[in-house]
Structure formats: C-alpha cells, structure tokens
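What follows is a structure written as structure tokens; I'll ask about it next.
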Amino acid sequence: MSDRDDGYRFYPEDFENGNDPTQRELDSAPLIIVACLGVGLVLFLADPLVDPITVSGTAVELGVLAAVVFAVGLFVGSGIYIRKGKRRLGLVHAAGSLGWLLLVVGTAFSNRTALVAGGGVLLLGALSLVVMTWRST
C-alpha cells in the first residue's frame with residue numbers, strides 16, 4: 001500500500017505488481033473453521049429449544065454436538081495450515097481441536113480431569129494465538 005497517512009483512499013499503485021485482492025487465491029482453512037464455528041454456534045443456541053437427538057441409540061444434546069463440530073472444524077483447518085507450511089498456526093488450531101474434544105469427553109463421562117485439561121488446552125491455544133498476532137504486528 002502507499003505510505004499516505006490521510007486515511008484510506010483508492011490509489012491504483014496499491015494494486016500494481018500482483019497486489020490486487022480480487023486476484024488472490026482464497027485460503028480455505030479460515031473458511032472451513034468459520035463455517036464449522038457458525039454451524040456449532042447455531043447448534044449451541046438451538047440446544048435449549050430442541051430435544052436431544054439420538055445417535056447410535058444414545059441421546060446427544062445439541063450443545064455437545066456443537067463442541068464436536070467446533071473440534072472438527074479446527075482439526076481440518078489445522079491440517080490445511082500445516083500442509084501449506086504454516087506449522088505454528090496449524091499446531092495452535094490442532095490444540096484448540098484437542099481442547100474441545102477433551103471438553104466433550106469430560107462432559108460425556110463426567111470426568112473432571114478431562115474438563116480441566118480441555119479448558120487448559122483451550123486457554124493455552126488462545127494465548128498462543130494472541131502472542132502470534134502480537135508478534136506479527
């Protein structure tokens with residue numbers, strides 16, 4: 001971008017040398033992660049309004065299913081990031097996936113250790129993302 005400080009205005013030179021945002025390839029990892037988070041959020045918000053669904057003969061509440069959808073989205077996104085060479089970002093998203101899965105396991109089996117470990121892993125992953133963002137600015 002140009003080094004003008006008077007707020008953003010369109011300057012054609014900002015888009016020279018391949019900087020045109022409409023010509024860039026979309027990164028699929030954030031799209032998958034956000035889509036799964038959106039679906040999970042809808043499931044979580046619908047939980048009080050909808051009866052549990054039956055999966056393999058077991059009643060599963062939508063809140064638990066929402067956490068599984070979160071975990072799947074983060075896991076798939078982490079694999080895409082790692083494959084694209086963004087190893088740290090992929091590992092942080094994999095940690096988030098593990099944290100959500102531990103919360104599901106802890107809730108399903110009333111296991112306090114899994115709940116605390118899941119919360120700790122999620123907190124560590126979130127702090128890692130904050131540090132990575134802070135260092136990149």
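The values are calculated or read from the model by the stated rules, or taken from the named source; none is laboratory data. Predicted, not measured: the structure shown is a model, and the values here were computed from it. Positions of Cβ are backbone-derived with ideal geometry, glycine not excepted, and every protein chain shown enters the neighbour counts. Each accessible area value is taken on the protein alone, full model and side chains, heavy atoms only, with ligands, DNA and RNA left out. Shrake-Rupley method; radii C 1.70, N 1.55, O 1.52, S 1.80 Å.
Can you work out the accessible area per residue across region 40-118, with the rest of the protein chains kept in place, probe 1.4 Å, in square angstrom?
Values: 4890 Å² over 79 residues.
On a per-residue basis, 62 Å².
How long are the three semi-axes of the equivalent ellipsoid of region 32-125, in whole Å, if each is the root of 5 times an eigenvalue of the C-alpha gyration tensor, listed from largest down? Could you put the intermediate results ahead of the total?
Values: eigenvalues 119, 53, 20 Å².
Computed over region 32-125, the values are 24, 16, 10 Å.
Something else: Sequence-distant or interchain residues sharing an amide H contact under 5 Å with VAL60, placed H: which?
Result for VAL60 returns ILE53, THR54, VAL55.
Let me ask another. Between ALA126 and ARG87, how high is the FRET efficiency from 1/(1 + (r/R0)^6) when r is the Cβ-Cβ distance and R₀ = 22 Å? Nearest 0.05.
On the way: r = 18 Å, r/R0 = 0.84.
With R0 = 22 Å, the Cβ-Cβ based efficiency is 0.75.
Return the sequence-ordered ³J(HN,Hα) values of region 120-137 in whole Hz as given by the Karplus equation 6.51 cos²θ - 1.76 cosθ + 1.60 applied to θ = phi - 60°, using x for Gly and Pro.
Couplings: x, 5, 5, 5, 4, x, 5, 5, 4, 5, 5, 5, 4, 5, 4, 6, 7, 9 Hz.
Here's something else I'd like to know. For ARG112 and VAL60, calculate 0.36 nm times their separation in residues minus their Cα-Cα distance, and state this gained length in nm to one decimal. Before the final figure, lay out each step's value.
On the way: separation 52, 0.36 × 52 = 18.72 nm, distance 1.94 nm.
Between ARG112 and VAL60, full extension yields an extra 16.8 nm.
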